[in-house]
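Report on the structure given below.
The values are calculated or read from the model by the stated rules, or taken from the named source; none is laboratory data. Only a predicted model underlies this, so the values are computations on that prediction, with no experimental measurement involved. Heads up, the Cβs are rebuilt from the backbone with ideal geometry, glycines too, and the neighbour counts pull from every protein chain shown. For accessibility, only protein heavy atoms count, side chains too; no ligands or nucleic acids. Shrake-Rupley method; radii C 1.70, N 1.55, O 1.52, S 1.80 Å.
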Amino acid sequence: MALTVDVSIAEDLNSEMPESGEEDVPDPALLQAWAQAAYLSDVPAVASVLVTTAAEIRQLNKQYRDKDKATNVLSFPMESPEEVDLCLLGDIALCVKVIKQEAREQSKSALSHWAHMVVHGMLHLQGYDHVDDDEAQEMEQKEILILNQLGFDDPYKENK
């Protein structure tokens with residue numbers, strides 16, 4: 001594998017969502033596979049994925065993006081220092097509560113929305129963005145292609 005993915009799951013998920021908590025989180029092996037499928041380089045690299053609570057992702061969103069609200073996914077790209085002989089791609093944080101809620105609101109399977117958020121976050125780590133329309137279209141096309149290769153439908157089909 002060109003990409004090594006370290007998955008961490010917050011210990012306090014059950015306190016936020018006592019009715020489900022960790023049961024709503026895909027198997028870490030799936031999260032790793034989706035991240036690896038979205039890695040578009042052959043250069044060996046490392047990325048981390050954190051599955052967390054709405055409270056923690058809200059804090060990260062406020063601290064790093066000045067937005068005081070929970071969100072589905074945050075990406076924190078890194079540049080490896082020259083003295084480090086490994087590509088440190090960066091970190092992705094995923095919010096269980098928001099992803100579950102969005103999937104329900106958008107009438108999507110939770111699994112397909114999880115896959116989409118992992119792929120979306122991985123593309124951000126590789127420099128893709130959706131600030132302007134051209135960038136958004138390029139990023140969406142890559143997401144659709146990767147998700148199709150993973151067996152998922154176009155996540156934007158209702159928005160077109």
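For Leu30, indicate whether it is under 16 Å from Ile99 (Cα atoms), assigned to a helix (DSSP H, G or I) and of a type outside the set (Gly, Ala, Ser).
yes
Can you tell me which of Lys97, Lys62 is of a type in the set (Lys, Arg) and modelled with pLDDT under 95? Talk me through it step by step, then tell me what you get.
On the way: Lys62 fails: modelled with pLDDT under 95.
Among Lys97, Lys62, only Lys97 is of a type in the set (Lys, Arg) and modelled with pLDDT under 95.
Where in segment 48-160 are there helices (runs of 4 or more DSSP H), lying fully within it, with 1 or more residues that are within 26 Å of Asp12 (Cβ to Cβ)?
In segment 48-160, the matching helices (runs of 4 or more DSSP H) lie at 54-65, 96-105, 110-125.
For residues in segment 120-160 being β-branched (Val, Ile, Thr) and at pLDDT 95 or above, which is surrounded by the most Cβ atoms within 10 Å (Cβ to Cβ)?
Only one residue tops the list, namely Ile146.
What is the one condition in (1) open to solvent by less than 30 Å² (accessible area, probe 1.4 Å); (2) touching a Ser or Thr at 6+ places or on another chain (Cβ under 7 Å); (3) modelled with pLDDT under 85 that Gly90 does not satisfy?
Gly90 satisfies every listed condition except (3).
Return a yes/no flag: does segment 47-56 have any residue that is farther than 18 Å from Val7 by Cβ and surrounded by fewer than 16 Cβ atoms within 10 Å (Cβ to Cβ).
Yes - at least one qualifying residue is present in segment 47-56.
For residues in segment 12-27 being among the hydrophobic types (A, V, I, L, M, F, W, C) and not in a helix (DSSP H, G or I), which is modelled with the highest pLDDT?
Val25
Checking Leu111 against (1) modelled with pLDDT of 95 or more; (2) open to solvent by less than 70 Å² (accessible area, probe 1.4 Å); (3) over 12 Å from the mean Cα position of the chain (by Cα), which test does it fail?
(2)
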